[in-house]
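The values are calculated or read from the model by the stated rules, or taken from the named source; none is laboratory data. Just so you know, these numbers come straight off a predicted model, no measurement behind them. Here the Cβ is made from the backbone with ideal geometry for all residues, glycine too, and neighbour counts use every protein chain on show. Areas reflect the complete protein model, heavy atoms only, side chains present, ligands, DNA and RNA absent. Shrake-Rupley method; radii C 1.70, N 1.55, O 1.52, S 1.80 Å.
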Amino acid sequence: MLSTSSSSLFPLPSYNVYSRSSIFSGTITSNSWIFRQRKILCSCMTSSRNVNEGISPFKLSDSSDMKIINSIDEPEDDSDVLIECRDVYKSFGDKHILRGVSFKIRHGEAVGIIGPSGTGKSTILKIIAGLLAPDKGEVYIRGKKREGLISDEEVSISGLRIGLVFQSAALFDSLTVRENVGFLLYENSRMPDDQISELVTETLAAVGLKGVEERLPSELSGGMKKRVALARSIIFDITKDTVEPEVLLYDEPTAGLDPIASTVVEDLIRSVHIKGEDAMGLAGKVSSFIVVTHQHSTIERAVDRLIFLYEGKIVWEGLTHEFTTSTSPIVQQFASGSLEGPIKY
Ligand SMILES: Nc1ncnc2c1ncn2[C@@H]1O[C@H](COP(=O)(O)OP(=O)(O)OP(=O)(O)O)[C@@H](O)[C@H]1O
């Protein structure tokens, strides 16, 4: 179970640890599974630096067929870095999936990870989340190196809460939508049931779902399940008067959704970010987020900066608007979906 004590490194008298899970991968059939996964959740207090200041995004491989780039012109001040992957490697058997991936996620950032199928995008999210350990290389959470997988100790020391919304909605089959979305509030918060119920209804409305509270997951379409999972990842204990920043990792949140439902989800991802405004007109509480996506609309609408993974390495990084204008062959091929180019299938 997640520790509910405040961070000893960052004593925050008015900041309560929030033991809410947004990690749901695969089909969940028992509550013990979720309790194991809940270790991934933590609380954090972060600086309020504007990450766009000082960053000089760049076009990396515009002059060659496919140049592997491992350096970035970044600000010298790393005090706002929440997550850092440093030279991360991961293999599954003889499949070498990640081959030296390094990047930083700063407070306030909205980052997309793109790249061909099977190139390790979900794997890097799982490594960031602490569900998978890298074979080589390190993950730093607020400057502290993670040892092994996510642990209660990390939660209490780093004070950073990380949540994943996986490709599969992975709802509890036997619970209603209301119980799924409000699961951890019912379990851990001091909010009365009727207040949680009201909040669940509001959060569902924010993702475009009304009147589905009493349905079971089996009675929902795939897209509706995704939105329920998203609602579950963004519901907050509104009785707390302190901001509860966190990093959310979205693995293909709009895959399988129709274009309008995708827009709803993309806007929602923006709205719960600290630079956004939620459905109640309040500033969002998510400090930074990473979206793994194949959808152009999601790239354009939901993120500011892009990391392009190919064959286990970062081959291009830049601002979202640079993606469409890049002359990099690999970017152009990916953006156009052409069969001709450096990406081989
Ligand atoms: N637990 C695992 N055991 C064995 N192989 C794995 C495991 N997890 C991932 N892989 C393999 O690693 C590769 C990368 O998978 P990953 O899901 O990270 O790719 P991806 O870039 O997210 O792909 P997609 O865009 O299709 O979702 C794939 O070949 C996948 O089959």
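Could you state the orientation-averaged shadow area of the convex hull built on the Cα atoms of the range 197-345, in nm² to one decimal?
Working: hull surface 41.7 nm².
Reported value for the Cα convex hull: 10.4 nm².
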Between the range 201-235 and the range 308-345, how many Å separate their Cα centres? 34 Å
P(r) for the range 184-236, please, calculated from all Cα pair distances in 5 Å bins and given in %. 4, 20, 32, 25, 14, 4, 0
I'd like the trypsin sites (Lys or Arg not before Pro) in the range 271-345 restricted to DSSP loop residues with at most 14 other Cβ atoms within 10 Å, sorted by number. K344
Listed highest first by mean packing, meaning other Cβ atoms within 10 Å per residue, what order do 332-341, 224-233, 260-269 come in? 224-233, 260-269, 332-341
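Take the cross-link list K90/K226; K144/K226; K104/K225; K104/K275; K226/K285; K104/K136 and give me the ones stretching past 26 Å between alpha-carbons. Each step should come with its number before you reach the end.
Numbers: K90/K226 28 Å; K144/K226 32 Å; K104/K225 31 Å; K104/K275 19 Å; K226/K285 20 Å; K104/K136 17 Å.
The answer is K90/K226; K144/K226; K104/K225.
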Taking only protein heavy atoms and a 1.4 Å probe, what accessible area per residue, in Å², does the range 212-345 have with all protein chains in place? 39 Å²
Principal axis dimensions, largest first and in whole angstrom, of the range 183-282 by Cα: 36, 32, 22
